[in-house]
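Encoded as structure tokens, the structure appears first; notes follow it.
The values are calculated or read from the model by the stated rules, or taken from the named source; none is laboratory data. This one's a predicted model, so the numbers in the text were calculated from it and none came from an experiment. So basically every Cβ, Gly included, is an ideal-geometry build from the backbone, and we count neighbours across all protein chains shown.
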Amino acid sequence: MKQVKFLILSGFLLASGAQLQASDFAFGLNGGMNFPMWHTDRMDPGAAADAYWRVDPYEVRFSYAYTRANYFSVLLGRKHFFSNATLRPFVEIAGGPVIVNSKREGLAYGLSPVGTLGAEIGINKTFSSLVALRYAGYIYFGDTKSGSWEANHGLSLVAGVTLWF
């Protein structure tokens, strides 16, 4: 029964926004889970959160990920939207500096390349929702468990809301 209600609500949102056009300027917030792909006992799935500002096709994103260490990054990305209608699938490539803070080792600094596949769904003239699968790599230098540098990577599944201006 819940699936039927969800399908009806989704159909209503898509049908009600059939005439929507996305704005070139947007601000959004995302939250979700981060799943590390490195195979050690010291990394667990954790939280992922983003706040971003976008002037199509460029985006500045402040990202946070937790996997027994805190990953803070500021990324500059370029999004390619395949449509400018209610349903906006996209691909994005981004990169920027990362700060890694772990309790035992302290701070480390490096770079983070990111690739994203996702879609925005328009709700009304002002809001849209977003679902995305994000791959992020991290290479950082400083005091790490592996020595003077370390490289890691993982997937994030995030969902959020976007405010169009």
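Scan region 107-157 for residues that are of a type in the set (D, E, K, R) and touching a strand residue (DSSP E or B) at 6+ places or on another chain (Cβ under 6 Å) and jot them down.
Matches in region 107-157: Glu120, Arg134, Asp143, Glu150.
Please state which of the following conditions Ala26 fails to meet, knowing it meets all the rest: (1) in a strand (DSSP E or B); (2) touching a Gly at 6+ places or on another chain (Cβ under 7 Å); (3) at pLDDT below 95.
Condition not satisfied by Ala26: (2).
Taking the condition of being touching a residue at least 24 places away in the same chain (Cβ under 8 Å) and over 17 Å from Ala159 (Cβ atoms), how many residues in region 73-85 meet it?
6
Please specify each residue of region 138-165 satisfying the condition of being polar (S, T, N, Q) and either touching an Asp or Glu at 6+ places or on another chain (Cβ under 8 Å) or assigned to a strand (DSSP E or B) (or both).
Across region 138-165, the qualifying residues are Thr144, Ser148, Asn152, Ser156, Thr162.
Can you spot a residue in region 55-62 that is in contact (Cβ under 8 Å) with a residue 40 or more places away in the chain and either within 12 Å of the chain's Cα centre (by Cα) or closer than 14 Å to Gly28 by Cβ (or both)?
No, region 55-62 contains no residue that is in contact (Cβ under 8 Å) with a residue 40 or more places away in the chain and either within 12 Å of the chain's Cα centre (by Cα) or closer than 14 Å to Gly28 by Cβ (or both).
Please determine, by comparing only the residues of region 138-153 that are surrounded by 15 or more Cβ atoms within 10 Å (Cβ to Cβ) and polar (S, T, N, Q), which one is modelled with the lowest pLDDT.
Thr144
Going by the structure shown, is Val91 surrounded by fewer than 16 Cβ atoms within 10 Å (Cβ to Cβ) and at negative phi?
yes
Kindly indicate whether Ser16 is among the small types (Gly, Ala, Ser), on the phi < 0 side of the Ramachandran plot, at pLDDT below 95 and loosely packed, with under 15 Cβ neighbours inside 10 Å.
Spelling it out, Ser16 is indeed among the small types (Gly, Ala, Ser), on the phi < 0 side of the Ramachandran plot, at pLDDT below 95 and loosely packed, with under 15 Cβ neighbours inside 10 Å.
Residues of region 82-132 being of a type in the set (S, T, N, Q) and closer than 16 Å to Gly28 by Cα, which ones?
Selection gives Thr116, Asn124, Thr126, Ser128, Ser129.
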